[in-house]
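Enquirer: Below is one structure. I have some questions about it.
The values are calculated or read from the model by the stated rules, or taken from the named source; none is laboratory data. Everything quoted here is computed from the prediction, not taken from an experiment. With ideal geometry, Cβ positions are generated from the backbone for all residues, glycine too; neighbour counts draw on all protein chains shown. Note: areas computed on protein heavy atoms with side chains; ligands, DNA, RNA excluded. Shrake-Rupley method; radii C 1.70, N 1.55, O 1.52, S 1.80 Å.
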Amino acid sequence: MRQKSAQLRDPLGLALACAAAFTILAMIRFQLPTAPYFDEVHYLPAAREWLGQGQFLNQEHPPLGKQLMALGIAVFGDNPTGWRALPLAAGVLALFASMRAMWFATQSRFASIIFGLLLASGFVLFIHTRIAMLDIFAIAFLAVAAWQFPAAIWQPEKARIRLMATGIALGLAMASKWNAAPIAMLPGLAFLLARIAAGRRRPLASQRGLPIPGISLLEATLWLGAVPLIVYAMTFAPAAGLRENPFLDGGLIALHETMFELQTQVLKPHPYQSNWPDWVFNLRAIWYLYEDVDGAQRGIMLIGNPLTMLLGLPALLWCLITGVAQRNWARLAMVIGYMVSLGLWVFADKSVQFYYHYFLPSIFLLGALTLALDALWNRGQRLWAGGVIVASCALFAWFYPILSAAPLDGPNAFLTWTWLDSWR
């Protein structure tokens, strides 16, 4: 398969072009609204405290996402550009890295590019690229890890540096938001199971066999196990320099006990709260913004693309069946990633949940749809495969005004896009 891949043309240029186009599209009105909105009101004060060396605010979440927002404010100023510059960069990185991950996982130029198109037109990535929230940073670093890990398998001569990059990215993802943790365990587990299946007589020290010749299980444990934890812990180190040192009452462990208590506290019901069945069937939207602001009625509605979020469900089932039957690890990876990332919220002790918790599962969902469309394309059913992509982009264009804070006709303009009462 490596010989075959060497004969294929890497779609790097097309991936860069797609990322550039997405950047331009996302930058349109990304400074609007000019006042903090939705959860920016929680994270921006916490970011300012890092700049002023004050308190560790918003302790229910790790610090890295807020530190990156602080960096944006330091570079561009305490204004909408400063607040959202680093989330914008993270969103573009997430898109590009996801396309690269698909390329190394499938060696399909078509799958690589249409994955980017489906993500870009899937609504959720676009909206979170333009708002100062934590999720986009976790997604971006997980996408980098998903790119580097299969690249290490395909290019064993570069495996060590790529596994190191994978571990660093996994640590940064967990340091952005905890919901990255279940996915962060998967590369190490995949390496372990593959090496056990290889049947080596010295499974810990042997450098022979799958998934990467030349890398022992002990070394992989360093890169995929120890390094992520070290990187995660290092992001807390700057907190020791805050005026109110959060480590004084018991160190890092006590701080994490406080964080866990905040995560599991019982919260008041919220009008936009929902649960995983609502997310799976795209039933409950969140209005991040809907008001007369900056000289016009504007809105930003978070919901998944109505076409691809539903088509992705049978695609997941197809990936499961054919993945098992054909031992296609890329298809199985989409199913496992979806189940693990969604399963966190099925069993999490969190009283109030929201649609944006589906962000990470939805990426695996669109990955499964990508693989199904790639199979259709390769079987010659290109009208169906291409039609889904065109329809996804057309729906994105139709919803664009309420994804991008465009001026609307008036207070009742939302009725144009709220196809379900539960989206209102």
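Enquirer: Working only within the range 350-373, note down all residues that are closer than 18 Å to residue 183 by Cα and touching a residue at least 60 places away in the same chain (Cβ under 8 Å). Even if it seems obvious, please write down each step before you answer.
Expert: Pass one, the range 350-373, residues closer than 18 Å to residue 183 by Cα: 356-368.
Scanning the range 350-373 gives 356, 357, 358, 359, 360, 361, 362, 363, 366, 367.
Okay, residues lined up against (1) open to solvent by 10 Å² or more (accessible area, probe 1.4 Å); (2) of a type in the set (Lys, Arg); (3) more than 12 Å from the chain's Cα centre (by Cα):
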site: 88; (1), (2), (3): yes, no, yes
site: 91; (1), (2), (3): no, no, no
site: 102; (1), (2), (3): no, no, yes
site: 105; (1), (2), (3): yes, no, yes
site: 109; (1), (2), (3): yes, yes, yes
site: 113; (1), (2), (3): yes, no, yes
site: 116; (1), (2), (3): no, no, yes
site: 136; (1), (2), (3): no, no, no
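Enquirer: Within the range 40-61, is even one residue of a type outside the set (Ser, Thr, Tyr), touching a Gly at 6+ places or on another chain (Cβ under 8 Å) and outside any helix (DSSP H, G or I)?
Expert: yes
Enquirer: Go through (1) touching a Lys or Arg at 6+ places or on another chain (Cβ under 6 Å); (2) closer than 21 Å to residue 390 by Cβ for residue 369 and report which single condition fails.
Expert: (1)
Enquirer: Can you name the number of the only condition in (1) at positive phi; (2) in a helix (DSSP H, G or I) that residue 405 fails?
Expert: In the conditions (1) at positive phi; (2) in a helix (DSSP H, G or I), residue 405 misses (2) alone.
Enquirer: Out of 305, 282, 245, report the one residue that is at positive phi and either of a type outside the set (Val, Ile, Thr) or part of a strand (DSSP E or B) (or both). Let's see the steps before the verdict.
Expert: Numbers: 305 fails: at positive phi; 245 fails: at positive phi.
Step by step, each of 305, 282, 245 is checked, and only 282 is at positive phi and either of a type outside the set (Val, Ile, Thr) or part of a strand (DSSP E or B) (or both).
Enquirer: Looking at 64, 8, 32, 14, which is the one that is under 27 Å from residue 99 (Cβ atoms), modelled with pLDDT of 95 or more and open to solvent by 30 Å² or more (accessible area, probe 1.4 Å)? Quick ask: steps written out before the conclusion?
Expert: On the way: 64 fails: open to solvent by 30 Å² or more (accessible area, probe 1.4 Å); 8 fails: modelled with pLDDT of 95 or more; 32 fails: under 27 Å from residue 99 (Cβ atoms).
Exactly one residue qualifies, and that residue is 14.
Enquirer: Can I ask one more? So which residues in the range 256-271 are surrounded by 15 or more Cβ atoms within 10 Å (Cβ to Cβ) and either among the polar types (S, T, N, Q) or over 26 Å from the mean Cα position of the chain (by Cα) (or both)?
Expert: Listed by number, the list holds a single entry, 258.
Enquirer: Something else: Taking the condition of being small (Gly, Ala, Ser) and surrounded by fewer than 18 Cβ atoms within 10 Å (Cβ to Cβ), how many residues in the range 314-344 meet it?
Expert: Taking the range 314-344 as the starting set, the residues that turn out to be small (Gly, Ala, Ser) are 315, 323, 325, 330, 333, 337, 341, 343.
With surrounded by fewer than 18 Cβ atoms within 10 Å (Cβ to Cβ) added as a condition, the list becomes 325, 343.
Looking only at that region, the number is 2.
Enquirer: Then there's this: Against the definition (within 24 Å of residue 22 (Cβ to Cβ), part of a helix (DSSP H, G or I), in contact with a Gly (Cβ under 7 Å, 6 or more places away or on another chain) and not polar (S, T, N, Q)), how does residue 332 come out, yes or no? Working first, answer last.
Expert: On the way: within 24 Å of residue 22 (Cβ to Cβ): no; part of a helix (DSSP H, G or I): yes; in contact with a Gly (Cβ under 7 Å, 6 or more places away or on another chain): yes; not polar (S, T, N, Q): yes.
No; evaluated as a whole, the condition is false for this residue.
Enquirer: Testing residue 59 on (1) open to solvent by 60 Å² or more (accessible area, probe 1.4 Å); (2) farther than 30 Å from residue 112 by Cα; (3) not hydroxyl-bearing (Ser, Thr, Tyr), one condition comes back false. Which one is that?
Expert: (1)
Enquirer: Next question. Could you identify the single residue in 375, 397 that is hydrophobic (A, V, I, L, M, F, W, C), part of a helix (DSSP H, G or I) and either closer than 17 Å to residue 315 by Cβ or over 25 Å from the mean Cα position of the chain (by Cα) (or both)?
Expert: Every option except 375 fails the conditions.
Enquirer: Among the residues of the range 345-370, write down those that are touching a Ser or Thr at 6+ places or on another chain (Cβ under 7 Å) and either open to solvent by less than 20 Å² (accessible area, probe 1.4 Å) or not in a helix (DSSP H, G or I) (or both).
Expert: Hits for the range 345-370 are 349, 350, 353, 354, 355, 360, 361, 366, 369.
Enquirer: In the range 397-413, which residues are at pLDDT 95 or above and either open to solvent by 20 Å² or more (accessible area, probe 1.4 Å) or β-branched (Val, Ile, Thr) (or both)?
Expert: 397, 398, 400, 401, 402, 407, 408
Enquirer: Run residue 394 past the list (1) open to solvent by less than 40 Å² (accessible area, probe 1.4 Å); (2) under 30 Å from residue 293 (Cα atoms); (3) aliphatic (A, V, I, L, M) and report the number of the one that doesn't hold.
Expert: The one condition residue 394 does not meet is (1).
Enquirer: If you take just the helices (runs of 4 or more DSSP H) that sit entirely in the range 79-185, which of them hold at least 1 residues that are more than 19 Å from residue 355 (Cα to Cα) and modelled with pLDDT of 95 or more? Even if it seems obvious, please write down each step before you answer.
Expert: Values: elements: 80-106, 109-120, 124-128, 135-154, 159-176, 181-184.
Of the helices (runs of 4 or more DSSP H) lying wholly inside the range 79-185, those with at least 1 residues that are more than 19 Å from residue 355 (Cα to Cα) and modelled with pLDDT of 95 or more span 80-106, 109-120, 135-154, 159-176, 181-184.
Enquirer: Name the residues in the range 272-313 that are farther than 17 Å from residue 29 by Cα, of a type in the set (Val, Ile, Thr) and open to solvent by less than 10 Å² (accessible area, probe 1.4 Å), would you? Full working, then the answer.
Expert: Keep residues of the range 272-313 that are farther than 17 Å from residue 29 by Cα, which gives 272-287, 303-313.
If we keep only those that are of a type in the set (Val, Ile, Thr) too, we end up with 280, 286, 303, 308.
286, 303, 308, listed by residue number.
Enquirer: Sticking with this one: Checking residue 243 against (1) over 30 Å from residue 422 (Cα atoms); (2) open to solvent by 80 Å² or more (accessible area, probe 1.4 Å); (3) under 26 Å from the mean Cα position of the chain (by Cα), only one condition comes out false. Which one?
Expert: Among (1) over 30 Å from residue 422 (Cα atoms); (2) open to solvent by 80 Å² or more (accessible area, probe 1.4 Å); (3) under 26 Å from the mean Cα position of the chain (by Cα), the lone unmet condition for residue 243 is (3).
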